[in-house]
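The values are calculated or read from the model by the stated rules, or taken from the named source; none is laboratory data. Since we're looking at a predicted model, the values are computed, not measured. Cβ coordinates were reconstructed from backbone atoms using ideal geometry, including for glycine residues, and neighbour counts include every protein chain displayed. Quick note on the areas: whole protein, heavy atoms, side chains included, nothing else; ligands and nucleic acids left out. Shrake-Rupley method; radii C 1.70, N 1.55, O 1.52, S 1.80 Å.
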Amino acid sequence: MNYAFVDSHNQHLADGRLDLAAKNLNEINNLSLDYLTGLKKKEYLNRKLLSFESEIYLGKLSDFSLIMCDLDNFKKINDNFGHSVGDDTLAIFGKLLIETLRPSDFAYRYGGEEFLILLPNTNLQAATLVAERLRLVIEDRLHIGNYGLNHVTAFDLSKEQICEDEGGVNDAFFLARDVTCSFGVASYLESDQSTDSLFSRADENLYIAKANGRNKVSA
């Protein structure tokens with residue numbers, strides 16, 4: 001018997017199984033993502049929360065925090081510019097979240113323009129700094145504008161680039177609207193009997209951020 005052939009054949013079978021497993025895992029991961037923003041779907045949030053609670057109990061996590069965020073006056077974007085521009089705005093927003101957060105963080109699309117972020121091993125002070133960093137990134141880079149008279153869309157564009165464009169690099173660009181976001185932050189407490197109180201605190205802080213003029217972080 002040609003044992004070299006058998007070994008090679010077995011290796012090909014093993015490689016094929018690994019490729020198939022990797023493909024299946026990739027498909028499962030894709031199913032968990034919101035098609036528009038690239039963020040996790042809401043349905044997968046509770047599973048991760050339960051996992052975090054268990055890890056806190058076992059001492060594998062020191063703490064974790066929740067950020068609720070909501071795009072300011074998003075309905076006006078859809079009303080004034082159309083739903084396709086609204087979709088572009090959401091897609092860029094999701095991209096900016098992924099770029100700014102750590103690989104170990106988890107971001108979810110919770111509703112139309114509502115998002116949740118879970119930060120493992122992050123206390124309230126650190127989570128507030130993360131939210132403020134996100135706020136500044138959105139304020140600086142996410143804008144709605146148009147080239148010429150008819151092509152209106154959302155842009156990932158820094159204010160410095162906009163100034164350069166207006167100075168002549170691309171004088172066909174017109175800034176129509178800045179996009180901003182409000183944030184409510186809360187951290188898990190040992191006294192919490194469930195994550196409901198965590199959600200309530202984050203939601204209340206988001207309401208405060210909105211009430212204080214939007215484009216704010218409240219914790």
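Just a few scattered comments:
- Only one of 120, 103 that is open to solvent by 30 Å² or more (accessible area, probe 1.4 Å) and more than 12 Å from residue 39 (Cα to Cα): 103
- Verdict on residue 132 being acidic (Asp, Glu), surrounded by 15 or more Cβ atoms within 10 Å (Cβ to Cβ) and in contact with a helix residue (DSSP H, G or I) (Cβ under 8 Å, 6 or more places away or on another chain): no
- Taking every residue in segment 107-120 that is over 11 Å from residue 42 (Cα atoms) and pairing it with any residue that is of a type in the set (Ser, Thr, Tyr) and open to solvent by 10 Å² or more (accessible area, probe 1.4 Å), at least 6 positions away or on another chain, the pairs with Cβ-Cβ distances below 7 Å are 120/104.
- Qualifying residues in segment 155-188 (those that are among the aliphatic types (A, V, I, L, M) and surrounded by fewer than 12 Cβ atoms within 10 Å (Cβ to Cβ)) - the one modelled with the highest pLDDT: 172
To keep it simple, each residue is scored yes or no on (1) modelled with pLDDT of 95 or more; (2) open to solvent by less than 10 Å² (accessible area, probe 1.4 Å); (3) under 26 Å from residue 219 (Cβ atoms).
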site	(1), (2), (3)
42	no, no, yes
67	yes, yes, yes
83	no, no, no
91	yes, no, no
97	yes, yes, yes
145	no, yes, no
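- Filter result for residue 72 (over 16 Å from residue 184 (Cβ atoms) and surrounded by 14 or more Cβ atoms within 10 Å (Cβ to Cβ)): no
- Here residue 87 does not fit the description of being in contact with a strand residue (DSSP E or B) (Cβ under 6 Å, 6 or more places away or on another chain), of a type in the set (Asp, Glu) and either open to solvent by less than 40 Å² (accessible area, probe 1.4 Å) or at pLDDT 95 or above (or both).
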